[in-house]
Amino acid sequence: MNGSRAAALTLAWRFAALRTGGFPVIPTLIIGIIAAVAVFADVLAPFDPEVGTLGARFHPPFWQVGGDTQHLLGTDHLGRDVLSRLIFGARISMIVGFTAVIFAGVLGTALGILSGYLGGWVDQLIMRVTDTWLALPALTFAIFLAAVVGPSAMNIVIILAAVYWTRYARVIRGEVLSLKERDFVRLAVVAGCSKRTIMRRHILPNVLNSAIVLGTLMLGVVIVTEASLSFLGVGVPPPKPAWGLMLADGKKGLMAGYWWLTVLPGCCIVLMVLSANLLGDWLRVKLDPQLRQL
Amino acid sequence: MKRFILRRMGYALVSLFCLSLTIFAFVRLTGDPAVLLVEPGASQADIDAVRTQFGLDRPLWVQYGSFMSALLRGDFGHSFYYRTPVLELYLSRLPHSLLLAVAAMAFSLLIGIPTGIIAAVRVNRWWDSAGKIFALLGLSMPSFWVGLLLILFFSVYLGWLPSSGSGTALHLIMPAFALGWYFAAAHMRLTRSSMLDVLGSEYVKLARLKGLPEALVIGKHAFKNALIPVMTLAGINLVIMVNVAVVVETVFAWPGIGRLLYEGIAFRDFPVVQATVLLGGAMIIVVNLVVDVLYAVVDPRIRYER
Amino acid sequence: MTSPPSPPLLELRGVSTHYVSARGARVVRAVDEVSLSLRAGETLGVVGESGSGKSTLALTILRLLPPAAKIVGGEIRFEGEDLLTKSDAQMRRIRGKRIAMILQDPMASLNPLFTVGDQVAEPLRVHEGLSRSDAWSRARELLQAVRIPAPEARVGEYPHQMSGGMRQRIVGAIAISCEPRLLIADEPTTSLDLTIQAQYLNLLRELQRAHHLAMIFITHNLGIVARMCDQVAIMYAGRLVESGPVKRIFNAPAHPYTRALLASIPRVGSGQERLTAVEGQPPDPAALPAGCAFHPRCPQSHAKCVEEAPPEFAAGDGQITRCWLWAPDRAAPSWPSRSPA
């Protein structure tokens, strides 16, 4: 490969922020736009996402024959406006994704710190549970929990947090174990700080970076899991416009060739997850080189 | 080494115990278990009957004891929907899941290993970047969406492949691709890093010093060694594939364990859901144990060589 | 200097190899302006602290450098041919066939997944075009030649079934399999215990005599040099600071660094033959001192040493040194123990 082509490629690479050095502009922009859409969904959406006109079922997007500018991205099997559902779907994905990641993060970080710092039977107990839960396939475990507690948007958040806190706990515990041997922690012990103080004032701030990086990387995973649960009918209950649910509904029109019901929600999920992963990768290199192995 | 194996087996037993306790606890402690264990639409009398049958009024540890003893006897309860023992149902679906997993594995290795090797041999060049994009897409595209897109193109538009069901090799192609897609990315990344390790080894250096052609150095000396960790991961992933195929099997109506789990949810057939989770978790714990023990057996040799 | 009757087997003239970091910001002169020559059947010892560029020099001769390293100048003549102008395919036919090398860690240089016979037979099949069965019977003979007991049974075994000393001898068998003219041994005994070390050195010497091999022996062990080598070259920070016949250099070292090295050997045979006690720290290869790289550690440095790196000066019978003390316009250096040439 000659030099200028390589340089051009490198530039393109940087621009797409797949390269770890530069700040990932596009992914941040995409997440920002989705977040803005989620916040202003009421203003932006042309229709009520949960109410359709049965007379206007399976309208294609406006550029196709039979489409109209009233429903820019067409309608679904109940005649609901796809664009409006996508817009409100962003809100659900954002809320479920972020809250689940934060719940899981808080729980996992707290337990990871306790496990790593206290050691002994507390460590044994937490780590045995962590190992076992990590062995369970996340989606299967989430389905089981959903079957036990029943589907609702709030339950989904709790389920996802219950399934994913173990990932934080494992990593944070490892970090705490090495932090424990550091001078400033030993000094605090010698100075007579209580265990609580040490964990809160000396350990927690030092594992926060890792927790944030992990959270960003987890956002994509959580959103895919939520979509899968909704797709299977144990996630966000209908008629709420979750993207996964839209895909499940879209399957009904798939064989008839109503592609927009399948392609569009999927694109939204992929854009969101891809952006979160890129941002997470960048943060990982930026904030915490030790996490590269993850 | 014997001590290590025994300790490792001990851990696995603790994990299995922990697993059963987890499942037990979630069923008993979140609401009324009788409602879960009874068929949908059952009368109050039925619920009461179940309550006495399972001893739900007795202390929790007694309940756990009978739960465990039933599990150890292979009694996972009866399916409400199919009216057969759940274990029987599970075992009848297992071959389908294995078939799908093997096909998906073959596909993921076929994609993952060559791309991983190319990415390792051409470090930091175009191929490596392409590999990164591929790996990222693999992680970011949900397998069920990949499946739906496949149906859209190959069944609806082109009409080449059947959109659902099982029976012929043609039925297998799309679900195997959708399921293997995600794993292909993982296998690619491991092949790449393993290959990079091996390429830096002394024996590859010696192979070059012998004046062997590069194709022989990479294809013979490096490749075989680099494959060991990949095959280990593939072994674990095969079992994981059996257990994570829920969405793919649902999309393609493939009659495996994942589909069984989906039916369990759809028909509110709780014993099926519980058994699938328990058996899936147990399977993965056991496979991890087997891999660790095998590694321990192989390890002294490897350590000796260093 | 009397010119030898036979032309040298290997001759390096002003060879430089540099490591360049990814952005080209850091340049490490791993091998800098090295000239040396070696005749058939001779043994040259290359001595230096770790990081002095000994191994890079070996890989430079074979043109098997890591991607970051580049040969930036000089000439390497082997049997009259310029190795630096050879194509990759031509080089491949030279490696293992005409120039063989034994690596620093012979324990790790056998591939764990192939039988010993396969690995010994491999160069024979590639370079000599032998059939599988011919190559294997040759492999058996080679194992016999390096004193592996029961070679018939051993060829079918895997490396992990053998002891360290045996594996090392197999590496030796691979090296001599195609009857090379030059064998480069890069610290081949550092990972062995003393008795096996001695056995192995004896074996190498025998092989050398039997095949009329020229050998480059890279080591930091001056005791081994005294035992094995005819010529010696001392490397410091990528440069050859002194070279010449072993006897002369041991008896009358010209360069202050060589003198420090020799002084640091407690006593040959005491088992403590490693170079440890030259005062001061080896320089950072990426940030070498100006002038002579040794001047910060040199007891006899003066203004000139800081200003300019010394070229090669003759210091007597076949002995060459890079030290300003030997500049012809200066009076002969006068340190007490220097015996007259």
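No lab work stands behind these numbers, since they all come straight from the coordinates. Predicted, not measured: the structure shown is a model, and the values here were computed from it. Virtual Cβ from ideal backbone geometry, glycine too; neighbours counted across all protein chains shown.
Summary of values
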{"quantity": "Residue-wise HN-Hα coupling along region C:282-287, computed from phi with Karplus coefficients 6.51, -1.76, 1.60 (Hz; x: Gly, Pro)", "calculated": "x, x, 6, x, 8, 9"}
{"quantity": "Cβ crowding within 10 Å averaged over residues, with C:76-83, C:127-134 ranked highest first", "calculated": "C:76-83, C:127-134"}
{"quantity": "Inter-part distance where region A:106-179 and region B:167-239 are each reduced to a Cα centre, Å", "calculated": "32"}
{"quantity": "Simple spin-label estimate for A:Leu72 and A:Ser152 in nanometres, 7 Å along Cα-Cβ", "calculated": "3.5"}
{"quantity": "Percent of beta bridges antiparallel (DSSP, chain C, rounded to nearest 5)", "calculated": "60"}
{"quantity": "Positive-end extreme of charge dipole, chain B - chosen from B:Ala120, B:Trp145, B:Ala42 (charges on Cβ)", "calculated": "B:Ala120"}
{"quantity": "Estimated inter-spin distance, B:Val290 and C:Ser264, nm [label 7 Å along Cα→Cβ]", "calculated": "5.6"}
{"quantity": "Beta bridge orientation in the protein assembly as shown: antiparallel %, DSSP, nearest 5", "calculated": "60"}
{"quantity": "Long-range HN-HN contacts of C:Ile184 with modeled amide H, under 5 Å", "calculated": "C:Ala100, C:Met101, C:Ile102, C:Ile216"}
{"quantity": "Positive-end extreme of charge dipole, the protein assembly as shown - chosen from A:Ser93, C:Ala263, A:Leu107 (charges on Cβ)", "calculated": "C:Ala263"}
{"quantity": "Cβ crowding within 10 Å averaged over residues, with B:154-165, B:216-227 ranked highest first", "calculated": "B:216-227, B:154-165"}
{"quantity": "Mean-position separation - Cα centroids, region B:7-75 and region C:278-320, in angstrom", "calculated": "81"}
{"quantity": "Euclidean distance of C-alpha centroids, region C:7-21 and region B:117-162, integer Å", "calculated": "48"}
{"quantity": "Overall form of chain B per C-alpha gyration tensor (a/c, 1.5; a/b vs b/c)", "calculated": "oblate"}
{"quantity": "Helix axis angle, C:194-211 relative to chain C longest principal axis, alpha carbon, degrees", "calculated": "80"}
{"quantity": "Gyration tensor (alpha-carbon) shape descriptor, region C:14-69, a/c threshold 1.5", "calculated": "prolate"}
{"quantity": "Total charge dipole magnitude, region C:1-122, about the Cα centre, Cβ charges on Lys, Arg, Asp, Glu only, Debye to nearest 20", "calculated": "320"}
{"quantity": "Check: region B:175-223 dipole with +1 on Lys, Arg Cβ and -1 on Asp, Glu Cβ, in debye", "calculated": "80"}
{"quantity": "Lys, Arg +1 and Asp, Glu -1 on Cβ, resulting dipole of chain A about Cα centre, debye, nearest 20", "calculated": "940"}
{"quantity": "Dipole axis of region B:150-306 (+1 Lys, Arg; -1 Asp, Glu on Cβ), positive-most option in B:Pro213, B:Trp181, B:Leu289", "calculated": "B:Pro213"}
{"quantity": "Simple label model, 7 Å out from Cα along Cβ direction - A:Val190 to B:Ile236, nm", "calculated": "4.1"}
{"quantity": "Using θ = phi - 60° and Karplus 6.51 cos²θ - 1.76 cosθ + 1.60, couplings along region A:155-160 (whole Hz; Gly, Pro as x)", "calculated": "4, 4, 4, 5, 4, 4"}
